[in-house]
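Okay, structure first, notes after.
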Amino acid sequence: MTTTKIMAQIVLATSLCGSPAFATDNSEIKSLRNEFNNIKNSYERRISDLENKLDKNNSILNNTTTRNIYDNKFNPSIGVILNGKYSSFSKKTSEIAGFGIGEEGERGKEGFSIDESELNFSSNIDDKFFGRLTAAIVNEDGSDIIELEEAFIRTSPEFGLPTGLEIKAGRAFWNLGYLNSKHAHADDFADRPLTYRAFLNNGFNDDGSQISYILPTDIYAEIGGGTFRGDDFPFGGGDGTGSYSAYAAIGGDIGNNQNWRLGLSTLVGEAKTGRITNENRVAFIGDSDLYIVDLKYVFAPTGNAKNQELTLQGEYFYRSESGNYEETNEGSSALTGEVNFNDKSSGWYLQTIYKFQPQWRLGLRYSELLTPNTPAGLIGSSLDSNNHDPKSYTAMIDWSNSEFSRIRIQYNHEELSKNYHDNQIILQYVMSFGAHSAHKY
């Protein structure tokens, strides 16, 4: 008998028992009551049987060893950055007088280019570790190649270290100055200032490890340091631990609509087998010590940074080097033999960004390098400063339809060597889709 029929009979029996036509017929009433009780007992037995079967199945399920199925928090997040440019230069060549520049620090290509489009993978590895891999797709000498920019692991809070302490190992853009730890697509301009081009080949991402600690203070305060292989610019030929870093940063709020950050960094090491620089393949062998001071100030006039925001940012670089410059077999400069070099150089940049509407920003930047004295053996070579301090003037305006898309037009006026004036126009787009982690302050 189905549940529907049982319920129908119960309703029928109940209604008949209350009907006046049956009120005086005791035998009929007793018969109906007996049938009602039988139906009720049968229905209760069926419910009890179903409950017993359900309990039995639950017991079997709970006592059976099965594979745990996790949620998707350990699946890798995948993101893509599309970073394209069109560049126009008034000069055919570009060399920064008095400095040996790595390949990444050069001006870039004229015309259309995909610049550095990126493919990012990141995920929690388990409850103790986090990992990230970033591959850049670039065009070199007419061929598309993939460069590994970052591939690191990092401890999670559940690792058990004291609160605020973190260890990172692998290849990464390490905490050094302000811009170095950020990817180029997150910059406020289409290119990096002269200081990063000359001193860090746009960015330092050697293989190594770094430890950082956010102090338990009322204001933001962080310290850290790292040890690296010593292969990446400004070093070369590292065979294990060829360079070291240390940094400290503090910051905080001023009222409800202002904040600031001040940082100090150092990167020291040795170019053991030669730091290859410039197209003429001049190599530097020796010690190189770099010191950086960075400062950032942000002001939101209306109290809401999404609507209006003014940013001031600057960094000062100071480098001391002691060693020799020498020309490799592929060299073509006027340098002959080894030239002893023991001097200091420096540089700085200052920029301001004004968001005057939620989607529109204006930016201005000035950067300058202070060249070292040119040794007699370098006079006439590409490393001859000719008593000129390279400088660059930059203006840009960009429009962001959302946090995932930005279009920028930029103008540069560069005076990188004596009697050299290069006017540049750069049109850039930066688009991202997929998972996209937040940028650091």
message = Among the residues of region 119-129, what is the count of those that are within 18 Å of the chain's Cα centre (by Cα), open to solvent by 40 Å² or more (accessible area, probe 1.4 Å) and not hydrophobic (A, V, I, L, M, F, W, C)?
response = 1
query = Considering only region 341-360, how many residues are open to solvent by 30 Å² or more (accessible area, probe 1.4 Å) and in contact with a Phe, Trp or Tyr (Cβ under 8 Å, 6 or more places away or on another chain)?
reply = 5
message = I'm trying to understand the selection: among the residues of region 361-376, which are over 24 Å from Val298 (Cα atoms) and surrounded by fewer than 19 Cβ atoms within 10 Å (Cβ to Cβ)?
response = Leu370, Asn373, Pro375, Ala376
inquiry  = If I ask for residues that are surrounded by fewer than 16 Cβ atoms within 10 Å (Cβ to Cβ), at pLDDT 90 or above and either of a type in the set (A, V, I, L, M, F, W, C) or not in a strand (DSSP E or B) (or both), which ones from region 95-118 would you list?
reply    = Glu110, Phe112
message = Against the condition under 14 Å from the mean Cα position of the chain (by Cα) and in a strand (DSSP E or B), how does Leu133 come out, does it pass?
response = yes
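Hey, does region 158-169 have a residue that's within 19 Å of Tyr213 (Cβ to Cβ) and open to solvent by less than 20 Å² (accessible area, probe 1.4 Å)? Walk me through it before giving the result.
The first filter runs over region 158-169 and keeps only residues within 19 Å of Tyr213 (Cβ to Cβ), leaving 158-169.
Among the residues that remain, those that are also open to solvent by less than 20 Å² (accessible area, probe 1.4 Å) are: none.
No, every residue in region 158-169 fails to be within 19 Å of Tyr213 (Cβ to Cβ) and open to solvent by less than 20 Å² (accessible area, probe 1.4 Å).
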request  = Could you please find all residues in region 170-190 being closer than 22 Å to Leu310 by Cβ, surrounded by 20 or more Cβ atoms within 10 Å (Cβ to Cβ) and either at pLDDT below 95 or of a type outside the set (Gly, Ala, Ser) (or both)?
outcome  = Tyr178, Leu179, Phe189
ask   = Inside region 238-269, can you point out the residues that are modelled with pLDDT under 95, open to solvent by 30 Å² or more (accessible area, probe 1.4 Å), among the small types (Gly, Ala, Ser) and farther than 16 Å from Asp218 by Cα?
value = Gly240
query = All but one of (1) closer than 30 Å to Asn324 by Cβ; (2) in contact with a His (Cβ under 9 Å, 6 or more places away or on another chain); (3) of a type in the set (Val, Ile, Thr) hold for Val430; which doesn't?
reply = (1)
key: Failed condition for Leu290, given (1) open to solvent by 30 Å² or more (accessible area, probe 1.4 Å); (2) part of a strand (DSSP E or B)   = (1)
key: Test result for Tyr411, touching a residue at least 24 places away in the same chain (Cβ under 8 Å), open to solvent by 30 Å² or more (accessible area, probe 1.4 Å) and outside any loop (DSSP other than H, G, I, E, B)   = no
remark   = Across (1) modelled with pLDDT of 95 or more; (2) in a helix (DSSP H, G or I), Gly377 clears everything bar (1)
query = Among the residues of region 293-307, is there at least one that is open to solvent by less than 60 Å² (accessible area, probe 1.4 Å), of a type in the set (Gly, Ala, Ser) and assigned to a strand (DSSP E or B)?
reply = no
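Does Thr195 satisfy the condition of being surrounded by fewer than 17 Cβ atoms within 10 Å (Cβ to Cβ) and outside any strand (DSSP E or B)?
On the way: surrounded by fewer than 17 Cβ atoms within 10 Å (Cβ to Cβ): no; outside any strand (DSSP E or B): yes.
So Thr195 does not fit the description; no.
In the set Asp384, Asp422, which member is over 26 Å from Lys296 (Cα atoms) and touching a helix residue (DSSP H, G or I) at 6+ places or on another chain (Cβ under 6 Å)? Spell out the reasoning first.
Details: Asp422 fails: touching a helix residue (DSSP H, G or I) at 6+ places or on another chain (Cβ under 6 Å).
Unique residue meeting the criteria: Asp384.
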ask   = Would you call Leu161 of a type outside the set (D, E, K, R) and closer than 18 Å to Ser265 by Cα?
value = no
ask   = In this structure, is Asp144 outside any loop (DSSP other than H, G, I, E, B) and more than 16 Å from the chain's Cα centre (by Cα)?
value = yes
query = From the residues in region 198-210 that are polar (S, T, N, Q) and assigned to a loop (DSSP other than H, G, I, E, B), which one is most open to solvent (accessible area, probe 1.4 Å)?
reply = Asn202
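Being surrounded by fewer than 18 Cβ atoms within 10 Å (Cβ to Cβ) and either at pLDDT 95 or above or among the basic types (Lys, Arg) (or both) is the requirement here; does Ile397 meet it?
Details: surrounded by fewer than 18 Cβ atoms within 10 Å (Cβ to Cβ): yes; either at pLDDT 95 or above or among the basic types (Lys, Arg) (or both): yes.
Yes: the conditions hold for Ile397.
Against the condition of a type in the set (A, V, I, L, M) and modelled with pLDDT of 95 or more, how does Ile167 come out, does it pass? Lay out the reasoning, then the answer.
Numbers: of a type in the set (A, V, I, L, M): yes; modelled with pLDDT of 95 or more: yes.
Yes.
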remark   = The correct count of residues that are over 26 Å from Gly263 (Cα atoms) and either of a type in the set (A, V, I, L, M, F, W, C) or in contact (Cβ under 8 Å) with a residue 60 or more places away in the chain (or both) in region 131-176 is 9
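The values are calculated or read from the model by the stated rules, or taken from the named source; none is laboratory data. These numbers were taken from a predicted model, which means no experiment stands behind them. Reconstructed Cβ throughout: ideal geometry from the backbone, glycine too, with neighbour counts over all protein chains shown. Heavy atoms of the whole protein, side chains included, go into the accessibility calculation; ligands, DNA and RNA do not. Shrake-Rupley method; radii C 1.70, N 1.55, O 1.52, S 1.80 Å.
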